[in-house]
Amino acid sequence: MLDPSVREYGSWGRYPRVRHRAVVPISWRNEIPDLAALPGSLLPYGYGRSYGDSCLNEGGTLLDVSGLNRFIHFDEETGVLRCEAGVRLDQILAAFVPRGWFLPVTPGTKFVSVGGAIANDIHGKNHHVAGTFGRHVLRFELVRSSGERLICSPEENADLFRATIGGLGLTGLIIWAEIRLKPITNAFIAEEQIRFESLDEFLALSAESADRYEYIVSWIDCFVGGGRYVRGHFMRGNHDPSPVRPNRLPEPKLRLAVPVDLPSKLLNTWTVRAFNTVYYHRQRARCVRKVIPYEPFFYPLDTIHTWNRMYGRRGFLQYQCVVPFDGDNAAIKEILDRIRRSGQGSFLTVFKTFGDVPSPGMLSFPRPGITLALDFPLQGPETLRLLDDLDAVVRESAGALYPAKDARMSAESFRASFPRWEEFARYVDPKFSSSFWRRVTSEDGQSR
């Protein structure tokens, strides 16, 4: 077994910090250990880019799949890639963008595994046209603790296929998967950035853009208040169609890093307000059009390694919710008002709308509505109380919280967000568990 001290097995938010009984490396598809004989409960672990405790298994064993990092087969005609579950998205981009292929769906970081992308049924800036990652998964091999090795697809072991997509690694160990890539002409994105002044303007831009732009996302300043609620930058783009531009990018420049934990008090109401004001006004024109490489469009934070250290040793909580569209969008207005009044706003605030493309998984998070994602420095009970208050608004609106971003939602909030959770629970492998799953399914499950 691998000594856990060799590598930090935590989450990206660095909260909660837990101790695992053991870490078992999985490096070869044909040499899977006897899972039933391993100590305690089991949970697959890739690169720890989930923000909360869905990738943690306190007191149990982690199955480190980062050694399963090989391509198996690629069909140049169809774009179907078979690869091992520990392959990172950045490996796929590096190998296949120069060959004219791109990920069908990608989150805001490329340092996640294919297995993790399936387990969290990740979404991106193109949900309104492409849906979630799971919609582009054709099949995968799943190893259960009983020793069974099952091929799962929409036609074969279909219920287990749907349970595993968005199933948070609880149905067994994914060994390899087949996904369908999408063709592109070059490695660039034709982007527009538009400054907007209010929630109404954001919603109008979203509706106007949905039919013409594949990728849509916004950064917002949620300290504005008043009748405007927010202001921000609306970003929309498409893959550039020019055959003249290259499909191979130059080697990246030296990337930045945060080498040490910054003082936790550095991020406070005043510094966040100041940053938001400067960032909002950095673009003088209302609309700026440009053609840029795909990396800064999709992965701006990946240029700063270990950026999570900006929040200090105590870590941070990312909060992502979705609330349904309604006539006056009262729920999202109430959420924005409560955040502003708390003084705990975030400088990394993402705002976008989900489309009505159905997700395949039983626990998939995206659904039609407005989704908001914020990073809150962990300031103790006051931060937790604020997020509990926001949860109540989400529940009342029949919205949902995102497990991949969560470290503290209550069992009540989880069950309200995912009404199919009991159906899903029938497919959980009896040997597999996680800190998240035990928390949200316990009878007295409360937020931390």
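The values are calculated or read from the model by the stated rules, or taken from the named source; none is laboratory data. Bear in mind the structure is a predicted one, so any value in this text is a computation, not a measurement. Methodologically, a virtual Cβ is constructed for each residue, glycine included, from the backbone with ideal geometry; neighbour enumeration extends over all protein chains shown. Please note that ligands, DNA and RNA were not included when accessible areas were found on the heavy atoms of the full protein model with its side chains. Shrake-Rupley method; radii C 1.70, N 1.55, O 1.52, S 1.80 Å.
Quick one: 3J(HN,Hα) in Hz for region 419-434, Karplus 6.51/-1.76/1.60 with θ = phi - 60°, rounded, Gly and Pro as x.
Result, ordered by residue: x, 8, 5, 6, 4, 4, 4, 5, 9, 5, 5, x, 8, 9, 7, 8 Hz.
Could you tell me the distance between the Cα centroids of region 371-448 and region 54-127, to the nearest Å?
Between the Cα centres of region 371-448 and region 54-127 lies a distance of 25 Å.
Can you list the lysines whose alpha carbon is less than 17 Å from that of LYS405, not counting same-chain residues fewer than 8 positions off?
LYS110, LYS125, LYS352
Can you list residues from other chains, or at least 5 along the same chain, whose modelled amide H is less than 5 Å from the amide H of CYS321?
Result for CYS321 returns LEU372.
Find which of ALA37, THR171, ALA285 sits farthest along the positive direction of the dipole of the chain, computed with +1 on the beta-carbon of Lys and Arg, -1 on that of Asp and Glu, about the Cα centre.
Ranked along the dipole, the leading option is ALA285.
Net charge within 13 Å of SER146 by Cβ-Cβ distance, Lys/Arg positive one each and Asp/Glu negative one each, not counting SER146 itself? Don't jump to the answer; show the numbers that get you there.
Values: positive: ARG144, ARG149, LYS431; negative: ASP34, GLU148, ASP429.
In short, 0.
Give the aspartates and glutamates whose C-alpha is closer than 15 Å to that of LYS265, dropping any in the same chain fewer than 8 places away, or say none.
Within reach: ASP375, GLU382.
Would you mind getting the accessible area per residue of region 133-263, heavy atoms of the protein chains only, 1.4 Å probe, in Å²? Write down the numbers at each step before the final one.
On the way: 5640 Å² over 131 residues.
For region 133-263, the per-residue accessible area is 43 Å².
Tell me, what HN-Hα J-couplings in whole Hz come from the Karplus equation 6.51 cos²θ - 1.76 cosθ + 1.60 at θ = phi - 60° for each residue of region 18-24, using x for Gly and Pro?
10, 10, 9, 5, 7, 10, 10
Putting +1 on Lys and Arg Cβ atoms and -1 on Asp and Glu Cβ atoms, find which of PHE414, PRO358, LEU401 reaches farthest to the positive end of the dipole of region 334-427.
PRO358
With a sphere of radius 15 Å drawn around the Cβ of PHE354, what net charge do the other residues whose Cβ falls strictly inside it have (Lys, Arg +1; Asp, Glu -1)? Write down the numbers at each step before the final one.
Working: positive: LYS125, ARG135, LYS352, ARG367, LYS405; negative: ASP121, GLU214, ASP326, ASP356.
Net of charged neighbours comes to +1.
Amide H neighbours of ILE174 under 5 Å, at least 5 residues apart or on other chains, H built in the peptide plane: list them.
VAL143
Counting only protein chains, not ligands or nucleic acids, how are LYS405, LYS110, LYS265 ordered by accessible area (probe 1.4 Å), most first? Mind dumping the intermediate values first?
Working: LYS405 35, LYS110 10, LYS265 170 Å².
Solvent-accessible surface, decreasing: LYS265, LYS405, LYS110.
Tell me, what % of the accessible area of the chain is carbon and sulfur with a 1.4 angstrom probe?
Of all accessible area on the chain, carbon and sulfur atoms account for 52 percent.
Name the long-range amide H neighbours of THR353: under 5 Å, sequence gap of 5 or more, or other chain; modelled H, no Pro or chain starts.
THR371
Where the centre of each part is set by its Cα atoms, how far does region 137-193 sit from region 270-328, in angstrom?
29 Å
HN-Hα J couplings of region 25-32 from phi, Karplus 6.51/-1.76/1.60, θ = phi - 60°, integer Hz, Gly and Pro as x?
Computed from phi, the couplings for region 25-32 are x, 10, 10, 9, 4, 9, 10, 7 Hz.
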